[in-house]
Structures are given as C-alpha cells and as structure tokens.
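The structure under discussion appears below in the form of structure tokens.
The values are calculated or read from the model by the stated rules, or taken from the named source; none is laboratory data. Because the structure is predicted, anything quoted here is derived from the model rather than measured. Reconstructed Cβ throughout: ideal geometry from the backbone, glycine too, with neighbour counts over all protein chains shown.
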C-alpha cells in the first residue's frame with residue numbers, strides 16, 4: 001500500500017529544471033571567477049528568486065535587491081557602531097544586532113517594502129556577525145558590495161532561465177509550424 005503522503009504521479013516540471021539550471025549557472029560563474037563569487041549566496045538567490053512567471057521572477061528579484069541594499073547599509077552601520085562601542089565584541093552585539101533588526105523591520109514597513117524584510121534581516125546578520133573579518137567600515141562596505149554582487153548574479157541567472165527557455169520554445173515551435 002502506497003502512503004497517501006507520497007505523490008506517485010509527480011513529474012519534474014520546467015520550473016524545477018529552470019531552477020536547477022539557474023543554480024548551475026551560479027556555480028559555473030563562481031568556478032570561472034576563481035571562487036570570488038560566493039556560490040552559496042548566488043545560488044540561494046537564484047533559488048528563491050525564480051518564480052513561475054517572468055514577471056513574478058523580476059518582482060521577486062527587485063524585492064531581493066532592495067532588501068540586500070537596505071540590509072547591507074544597516075549591516076555597515078552595525079559594524080560602525082561595533083567598531084566604536086566598547087564591549088561590542090565581548091557580547092554587546094547581542095543587544096545591538098537585534099536593535100538593528102528592529103530598525104530594519106520598522107523601515108521596511110514604513111517604506112511599504114514588506115517583501116524585502118526577510119532578506120534585509122538576513123544581510124544584516126551576515127554583515128554584522130562577520131565582525132572578526134571586518135576591521136574597518138571599508139571592509140564592511142566591501143562585504144556588503146560582494147553580497148549585492150552575488151545576489152545580482154543569482155537574480156540574473158534566475159531571470160535568464162525564466163526568459164530563455166520560452167524564447168527557444170517559441171523559436172522551435174515557429175520552425176516546425178511552417
């Protein structure tokens with residue numbers, strides 16, 4: 001007897017294939033750049049950005065980029081606070097980072113960017129908890145810009161994979177319909 005929680009009729013669809021290929025493109029870009037592109041950030045960006053339609057993918061990507069920029073700026077501000085606030089590294093970050101997350105959530109709601117809230121919180125955490133590799137505000141900006149670059153790569157791969165297969169399908173369909 002087959003468990004009713006298993007869908008034995010499921011077949012891999014085009015969205016799954018597009019998602020996997022978009023992540024493969026991110027892996028390829030990372031390999032071609034000698035690992036300077038974060039595989040995890042770009043591949044995750046492609047994974048969570050790709051949607052069923054081109055419009056939904058573009059909208060998701062824009063929200064993700066806005067959230068990355070806002071989270072990056074607040075993450076840099078958190079690092080700046082940490083560089084000048086006594087006892088930050090010794091444990092005060094446990095109070096400062098959640099306060100920055102609270103500020104971020106407030107700003108996202110104030111600016112009606114609720115769809116950017118999650119990613120901006122993630123970016124704050126990524127930047128603010130890397131204080132051991134961030135010695136200056138400039139380092140924090142570089143880390144933030146590299147996260148933005150990696151997000152852009154994932155977004156571009158997802159967008160590419162959501163447009164190209166339809167163009168190829170339309171081209172092939174026109175060839176065989178003549």
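Does residue 45 qualify as being crowded, with 17+ Cβ neighbours inside 10 Å, assigned to a helix (DSSP H, G or I), free of Cβ contacts under 8 Å to residues at least 40 places away in the same chain and touching a helix residue (DSSP H, G or I) at 6+ places or on another chain (Cβ under 6 Å)? The answer is no for residue 45. Where residues in the range 48-59 are touching a residue at least 60 places away in the same chain (Cβ under 8 Å) and loosely packed, with under 15 Cβ neighbours inside 10 Å, which of them is nearest to residue 160 (Cα to Cα)? Looking at the filtered set, the residue picked out is 54.
Select from the range 86-118 the residues that are in a helix (DSSP H, G or I) and either loosely packed, with under 14 Cβ neighbours inside 10 Å or touching a strand residue (DSSP E or B) at 6+ places or on another chain (Cβ under 6 Å) (or both) and list them in ascending order. First the steps, then the outcome.
Initial filter on the range 86-118 (in a helix (DSSP H, G or I)): 88-110, 114-118.
Matches in the range 86-118: 89, 90, 91, 94, 95, 98, 99, 102, 106, 109, 110, 114.
The listed residues are 83, 65, and the only one of them that is in contact (Cβ under 8 Å) with a residue 40 or more places away in the chain, in a helix (DSSP H, G or I), surrounded by fewer than 19 Cβ atoms within 10 Å (Cβ to Cβ) and within 19 Å of the chain's Cα centre (by Cα) turns out to be 65.
Taking each residue of the range 3-17 that is free of Cβ contacts under 8 Å to residues at least 40 places away in the same chain and looking for partners that are surrounded by 10 or more Cβ atoms within 10 Å (Cβ to Cβ) with beta-carbon atoms closer than 8 Å, six or more apart or interchain, yields 15/50; 15/52.
Screening the range 28-42 for residues that are over 14 Å from residue 160 (Cβ atoms) and part of a helix (DSSP H, G or I) and picking the one that is modelled with the lowest pLDDT gives 39.
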